[in-house]
1. Could you grab the pairs with beta carbons closer than 7 Å, sequence gap of 6+ or different chains, first residue in the range 131-158 and more than 18 Å from C184 (Cα to Cα) and free of Cβ contacts under 8 Å to residues at least 40 places away in the same chain, second one small (G, A, S) and surrounded by 22 or more Cβ atoms within 10 Å (Cβ to Cβ)?
2. Being within 30 Å of G147 (Cα to Cα) and aliphatic (A, V, I, L, M) is the filter here, so list the residues in the range 49-101 that pass it.
3. Scan the range 49-58 residue by residue and report those that are in a loop (DSSP other than H, G, I, E, B) and surrounded by 10 or more Cβ atoms within 10 Å (Cβ to Cβ).
4. Looking at the range 117-127, is at least one residue at negative phi and under 16 Å from the mean Cα position of the chain (by Cα)?
5. Can you tell me which residue is nearest to L226 (Cα to Cα) among those in the range 136-191 that are of a type in the set (S, T, Y) and surrounded by fewer than 18 Cβ atoms within 10 Å (Cβ to Cβ)?
6. Kindly list the number of the only condition in (1) touching a residue at least 60 places away in the same chain (Cβ under 8 Å); (2) closer than 20 Å to G137 by Cβ; (3) buried (at least 21 other Cβ atoms within 10 Å of the Cβ) that fails for P206.
7. Could you tell me whether E83 is closer than 26 Å to G209 by Cα, of a type in the set (D, E) and surrounded by fewer than 17 Cβ atoms within 10 Å (Cβ to Cβ)?
8. Which condition does C184 not pass, out of (1) under 25 Å from A142 (Cα atoms); (2) more than 21 Å from the chain's Cα centre (by Cα); (3) not acidic (D, E), if it passes all the others?
Amino acid sequence: MAKMLPLVLKNMRINSEWKDYEILATGNGEKLERWKDIILLRPDPQVIWDYTCDLTKYKINAKYLRDSGGGGRWEKLLPMPDEWTVSWRNLNFKVKPMGFKHTGLFPEQAVNWTIMIDLVKSAGRPISVLNLFAYTGGATLACLSAGARVCHIDAAVNMNERAKDNLRLSGLDITKARFIADDCLKFVTREIKRGKKYDAIIMDPPSYGRGPNGEMWKIEDNLFDLLKLISQVLTDEPLFVLLNLYTAGLAPSCAGYMLSLLFKEKYGGTVESDEIGILAESSRAAFPCGAFSRWAFN
């Protein structure tokens with residue numbers, strides 16, 4: 001019997017280097033994932049199709065149950081640790097089932113980690129990176145591993161601490177990173193006043209959010225203003241600007257248009273905008289996980 005080839009949609013980027021993570025099945029509004037030796041079942045609003053396999057053949061350790069009020073909780077079905085470690089290349093990350101169905105890691109971002117590592121390594125000069133809405137530091141670790149210095153900004157103190165843990169687990173030099181709990185808009189505004197510049201900027205903004213002092217963020221209202229601000233903290237020879245999107249209402253081409261307006265017209269270079277995804281094992285189809293747009297000076 002001929003081997004079934006994966007269905008990969010045009011303009012979708014996929015990283016196939018994961019050994020400690022895979023999507024086992026999707027269906028009925030859920031996503032079944034293997035995180036090393038632990039299997040988790042989480043809701044996913046994009047999964048509007050039926051299961052193509054029988055879930056009873058899997059030993060599920062925990063599933064996330066939504067509450068009627070909009071929140072939810074994890075229900076353990078089999079013994080499992082509170083947290084454990086997964087690896088990608090030489091990078092190590094803590095995984096922990098948390099509130100709002102999160103685990104502390106977005107594996108599909110390995111697509112962008114690969115690109116950032118290559119860009120930093122090929123620059124041939126010291127590179128400073130500003131990582132905004134940096135969460136638990138996947139992009140921070142990728143850039144550090146390539147030799148860059150990184151300023152890591154996230155409003156949540158506990159996420160910054162988890163990023164530091166991931167850095168230590170990966171054996172990276174913590175003296176090359178700054179971890180700051182702050183509102184991203186306010187931080188960039190202060191950096192402009194201080195005259196601070198960066199060679200590369202990464203942004204992974206939420207659809208909605210609040211800063212440490214209750215500052216309100218809404219991506220449709222605030223994103224372009226923030227992009228205009230970060231154009232003022234780029235060096236005269238910038239390397240790249242990367243924007244991740246998980247907001248369903250914003251197409252990759254919309255993000256690409258903004259990056260073209262603000263960076264390509266000024267510096268030249270190229271803009272790429274695509275979906276990112278991960279192969280689902282049961283169907284060998286590409287499961288959509290978000291989008292990105294990247295301007296690069298090359």
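No lab work stands behind these numbers, since they all come straight from the coordinates. Please read these numbers as outputs of a predicted model, since none were measured by experiment. All Cβ positions, glycine included, derive from the backbone under ideal geometry; neighbour counts span all protein chains shown.
1. As it stands, the answer is L144/A177, since those pairs meet every condition given.
2. Across the range 49-101, the qualifying residues are V86, L91, V95.
3. The answer is W49, Y51, T52, C53, Y58.
4. Among the residues of the range 117-127, at least one is at negative phi and under 16 Å from the mean Cα position of the chain (by Cα), which makes the answer yes.
5. So, considering only residues that are of a type in the set (S, T, Y) and surrounded by fewer than 18 Cβ atoms within 10 Å (Cβ to Cβ), the one nearest to L226 (Cα to Cα) is T189.
6. (3)
7. The answer is yes for E83.
8. Result: C184 fails condition (2) only.
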